[in-house]
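Where a number appears in this text, it was derived from the coordinates with a stated rule and is not lab data. Model, not experiment: these values are computed from the prediction. Reconstructed Cβ throughout: ideal geometry from the backbone, glycine too, with neighbour counts over all protein chains shown.
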Amino acid sequence: MHEQRSFKVFRWVTIIFLGAFTLVPLYVMVTSALKPLGDVQGAFHWWPTHPTLRPFVDIWSTVPLARYFVNSLIVCTVSTVLSVVIAIFAAYAVSRYRFRGRRLFTGTVLSTQMFPGILFLLPLFLIFVNIDKTLGFTLLYQTRVGLTITYMTFSLPFSIWMLASYLDGIPRDLDEAARVDGTSAMGALFRIVLPAARPGVIAVAVYSFMTSWGEILFASQMTNDSTKTLSIGLQSYSTQINVYWNQVMAASLVVSVPVVIGFLLLQKYLVAGLTSGAVK
Amino acid sequence: MKSRTIASTVVLLAVATTAACGGSTENASSGGGSGSTAGGSTTITYWASNQGTSIQNDKEVLGPELKKFEKQTGVHVDLQVIGWPDLLNKILAATTSGQGPDVLNIGNTWAASLQATGAFMPFDSKALDAVGGKDKFVEASFATGGAPGKDPTSVPLYGLVYGLYYNKKMFADAGLQPPTTWQELMTDAKKLTNPSKGVYGMAMEGGSYTESVHFAFIFGRQNGGQPFDDSGKPTFTTPGMVAGVKQYVDLMSQKVVNPSSVQYKNGPEAPTDFAKGKAAMLMSQNNADNVLQANGGMKPSEYGVVAIPAPNPLPPGGKDVASFVAGINLSIFKNTKNKDAALKFVNFMTSPEEQAILDKPYTALPVVKNGTVNFTSKKDEAKAFAEVLANKSEPLPLVPAESAFETNVGNAVNGLLAQAATGKTVTDADIKAALQQAQDKMASAS
Amino acid sequence: MTLTTRAEASQKPGTGRPARRRSLSWGRATPFLLVVPAVLLELIIHIIPMLVGVWMSFVELTQFFIANWSAAPFVGFGNYGIALDFSGSIGKSLVHSFLITCLYTVIVVAVAWAFGMAGALALQRRFRGQGTLRTLFLVPYSLPIYAGIITWSFMLQRDNGLVNHVLLDNLHVIDTPTFWLIGNNAFTSMAVVNIWRAWTFAFLMLMAGMQSVPDELYQAAAVDGAGTWKQVRYITLGVLKPVNVVLVLMLFLWTFNDFNTPFVLFGPTPPPSADIISIHIFSNSFVNWNFGLGAAMSVLLLLLLLVVTGIYLLVTSRRSRRA
């Protein structure tokens, strides 16, 4: 297809500029992770003159990185799975049924997306503590369970919204037909609607995972030493005695790689999900 | 639609109010220290502040001691080491929710502020007896336990004071003696500064609000200022306080510190600059020894310590204050279910034997009488610090608003330092305006 | 409200039969059972804590009462009075923080959107390396937030940072190292750091939107003699309208409530130029131990966001209905 010349110029200028903008910090991250501590504390050099893999060894002993990583994985995975399931149910109801309070429900859910975290951080903390007191054992206070439940709601409004629009795009003849054949509502949802909505579900799941993966404010108050997540744990590389820049970078890289790979593998679904969810 | 919305809102409100009230009354009456008694053996939770070179290091230092305690008393201690950036927020959250550890470390300057919350157990005479009695502690340190005239809610654990570290070789090369007056210090600093070589007279943590407020207090006292009047009202804008802040900011305005250091936080940067010969002097608490040796590779023989000097002659009303009584205190959470075990633990941690063991890795001054300074093998350094603690230290104001004072004034001074570092002149009027703003913020805090 | 508009807009032409909005005669309780988990979660995590927060804003919840909430005196709108007293120091700094936040939001949303749009347009057609570039552009979004921001703070250091190294030693545009994390530069740094991450999300959404445009549409336009720019303007931008509505709203809410960027770059008390609203409220609550005042400020913020979002959705949905 023919392109205007000016568009070609625009394209290459954009690619070079955005490429550099994106790449430079990533480059700094990688090269700093390969430098000894003395070099990262000294004047900046583009190239690691004394490359070493030492930081990648040290990261595990300076900070219990493996534990934080496992915590993050557990909290984010469980909260993502549960919140997607809940969002599917709610979105299905919103998309396929007209029921009393539907508008109130969608309106309220959407508006919770606007709540400043700082407003409900402390009350939530208090509620968790009191639930624990009533139960007689620690279930929510500074536990992975408490953080998981909290994170489940963070992406819920957007997930419901997006999935509902996605389901709207799936012809209802499909599930109606299944219903006529005697399938239950749940059966129709799981056997007919969900397979058709797979890209939407994956998109929502990825979004949900990313939201909890990077959360800092609640994680800083609602975890302790053994339940800390990565976003907080990475801060432990700056201590009173030293800021281990090279180890921060190395640790960031190590923990990012699986997530980045997973994200990039799923991106084609994400694109498809976002497309139908938001465009149609 | 409308009426339904209203109805549901009302229901929600009702639910929430019951939840809130239920929560608060329960909070007030019962309470839940996280300790538990299971199968005859007691477990208490202990939040330790990060005193060593890393959180990991703290666990290694405290681990064997806690085992020893368990052997002696049968009480198991569940240790959590909390970094300084998190500590106060965590304590606040614990206070608010009533769910906290049994025993915890606090920065002693927070003692009066935390006491005001009522979430901590007052050490009445009985409790004091259980931890070895009031007379066991160094008086100056014990006084930081809470507001005067009330039962303290904390007892001292590790003692710290400021000193002026100087690089012996740099001073000798320039033919200088360690300064005894502030004027001398400024002249020396200028002589030792050589920006083209990246060498400066003084190292500074200009991005740390705690450092800034500490020096605002110390120099304010030297200039006859007092941050609070007798009734506890803030008086930040009095001439003495303004002059004190100016004395500190002038280090930056007169270019004897590296402008970059306005970004230094409570990290290793300033001590490292000093240890690497990029700064000839460093005003720091005695726990800097750790960083200088571990990180900067400086040998103890390469630096000396004297008291931070005051202007000579002293301004009207001024006092020769070289430090405030810094340090870490131990508090017991009021909601603890294991009060006896907690008291035993406090007694253990403040026993002369444990003090002697812990002061070394934490480079702290003993807080019990007749303790010897053992974190340094250098007699003159030990003497200088002991002398400062005994004769030249005042506690920071023991008022409930102290914590707010630290953040508001500290940040105001940081802003002034930033202004000076970027080459803008800082006038007395600027200082006064900044302090006035900090004072206005206090009005809401108390 | 939006959901219905979305649903109505979603009726596809040509499916034969318009989607009917009649209740299916399945068990009447089914829809309620389906939303129950979501409602419960929202209640526990959002609604009830929010209402407690609203209650907090009406009491004097300072250090003297945080351990015993029930004793905190009711002060009515007292906290709001302090927050909105614009002649006082607290009110003044709140307004300052609010204005800074508005500026920050406008800049970040506009630039992130523009970058995302440019990137999506540039990568719209297949060419060698397109996949690699697309992958690369998505990396900032998939990094843990802390990792990205801390890398930037490393680059923005005065003495040993890359930014000064480039400007000073490589390009010679400045002759003394600049402070990027204090003074007014702190604002610029914060905006750049946030844009670095936010634009990739815009890119992702817009790219997704563009893929739904059938090639035939462009081909038809090309046959009609429309140049590439005209095609972008009339086809691509038109198709992207609904994506933009969602995208801009999301970017707006994220940026306006942004806590991570200033917190990781500057800690709990950023320089005045970077004192945006969420961290301002955080300082007023946690640093000054005045949770009542902090709550009052949060409620004001929430009201504002609700109003702005409501108006935005009303305007955009009306426009799209007309279109």
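Observations on the model:
- For region A:1-56, chymotrypsin sites (Phe, Trp or Tyr not before Pro) are listed when DSSP marks them as loop and at most 15 other Cβ atoms sit within 10 Å of their Cβ; the list is A:Trp46.
- Across region C:195-203, computed HN-Hα scalar couplings (Karplus, 6.51 cos²θ - 1.76 cosθ + 1.60, θ = phi - 60°) run 4, 3, 8, 5, 5, 5, 5, 4, 4 Hz from first to last residue, x flagging Gly and Pro.
- Our note on the geometry: Cα centres of region C:221-245 and region B:42-76, 67 Å apart.
- Among beta bridges identified by DSSP and lying wholly in chain B, the antiparallel ones come to about 60 percent.
- Using a Förster distance of 45 Å, the FRET efficiency for C:Gln130-A:His50 (Cβ separation, nearest 0.05): 0.75
- Positive dipole terminus of region C:73-322, leading residue within C:Ser298, C:Gly267, C:Leu121 (C-beta point charges): C:Leu121
- Residues whose amide H falls under 5 Å from that of B:Val81, counting only those 5 or more places apart or on a different chain, are B:Ala48, with hydrogens built in the peptide plane.
- Think of the protein assembly as shown as a dipole: +1 on every Lys or Arg Cβ, -1 on every Asp or Glu Cβ, centred on the Cα centre; then among B:Val77, A:Asn224, A:Thr77, A:Thr77 lies furthest on the positive end.
- Ordering B:Gly225, B:Thr193, B:Leu88 by the projection of their Cα atoms onto the charge dipole of chain B, which places +1 on the Cβ of Lys and Arg and -1 on the Cβ of Asp and Glu, puts B:Thr193 at the extreme positive end.
- Three semi-axes of the equivalent ellipsoid, region B:228-324, Cα gyration tensor, whole Å, largest first: 29, 15, 14
- Intensity falloff of region A:1-71 expressed as log10 I(q)/I(0), Debye formula with alpha-carbon point scatterers, at q = 0.14, 0.28 Å⁻¹: -0.65, -1.14
- For region B:146-211 versus region B:316-362, the inter-centroid distance based on Cα atoms is 24 Å.
- Computed over region C:73-322, the P(r) tail beyond 30 angstrom holds 41 percent of alpha carbon pairs.
- Kirkwood hydrodynamic radius (C-alpha pairs) into Stokes-Einstein, region B:332-404, 25 °C and 0.890 mPa s, D in µm²/s: 168
- Shape call, region C:88-184: gyration tensor on alpha carbons, a/c limit 1.5: oblate
- Given +1 at the Cβ of Lys and Arg, -1 at the Cβ of Asp and Glu and no other charges, the dipole of chain B around its Cα centre is 520 debye to the nearest 20.
- Percent of beta bridges antiparallel (DSSP, the protein assembly as shown, rounded to nearest 5): 60
- Prolate/oblate/rounded label for chain B (Cα gyration tensor, a/c 1.5): oblate
- Overall Cα dimensions of the protein assembly as shown, principal axis frame, Å, largest first: 94, 67, 55
- Residues in region C:103-139 that a label on A:Phe17 would reach, taking backbone N under 12 Å of a point 7 Å out along Cα→Cβ: C:111-112, C:114-119
- Alpha-carbon centroids, region A:114-134 and region B:215-233: separation in whole Å: 39
- Largest GNM mean-square fluctuation among B:Ala420, B:Ala93, B:Ala307, using chain B with Cα springs under 10 Å: B:Ala93.
- B:Ala356/C:Leu168 FRET efficiency (R0 35 Å; Cβ-Cβ; nearest 0.05): 0.10
- A viscosity of 0.692 mPa s and a temperature of 37 °C, combined with the Kirkwood radius over C-alpha pairs in the Stokes-Einstein formula, give region C:125-263 a diffusion coefficient of 183 µm²/s.
- With bins 10 Å wide beginning at 0, the percent of Cα pairs of region C:104-159 falling in each bin runs 19, 36, 35, 9, 1.
- With R₀ set to 25 Å, the beta-carbon distance separating C:Leu237 from C:Val307 gives a calculated FRET efficiency near 0.35.
- Between A:Lys268 and B:Asn370, the simple label model (points 7 Å from Cα in the Cβ direction) yields a spacing of 8.0 nm.
- Filtered chymotrypsin sites (Phe, Trp or Tyr not before Pro), region C:36-110: DSSP coil and at most 12 other beta carbons within 10 Å: C:Phe77, C:Phe86
- Relative to the Cα centre, the charge distribution of the protein assembly as shown, modelled as +1 at Lys and Arg Cβ and -1 at Asp and Glu Cβ, gives a dipole magnitude of about 4120 debye.
- Rounded to the nearest 20 debye, dipole of region A:157-275 from Cβ charges on Lys, Arg, Asp, Glu: 200
- For the segment C:284-296, counting C-beta atoms of other chains within 10 Å of every residue's C-beta and taking the mean gives 6.
- Helix content alone sets the calculated 222 nm mean residue ellipticity of chain A: runs of n ≥ 4 DSSP H residues at -39500 (n - 2.57) each, divided across all residues, give -22500 deg cm²/dmol.
- Stokes-Einstein diffusion coefficient of region A:57-279, Kirkwood radius over Cα pairs, 37 °C, 0.692 mPa s, in µm²/s: 170
- For region C:83-92, putting each phi into the Karplus relation 6.51 cos²θ - 1.76 cosθ + 1.60 with θ = phi - 60° gives couplings of 5, 9, 7, 6, 8, x, 5, 5, x, 4 Hz, in residue order, rounded to whole numbers and with x for Gly and Pro.
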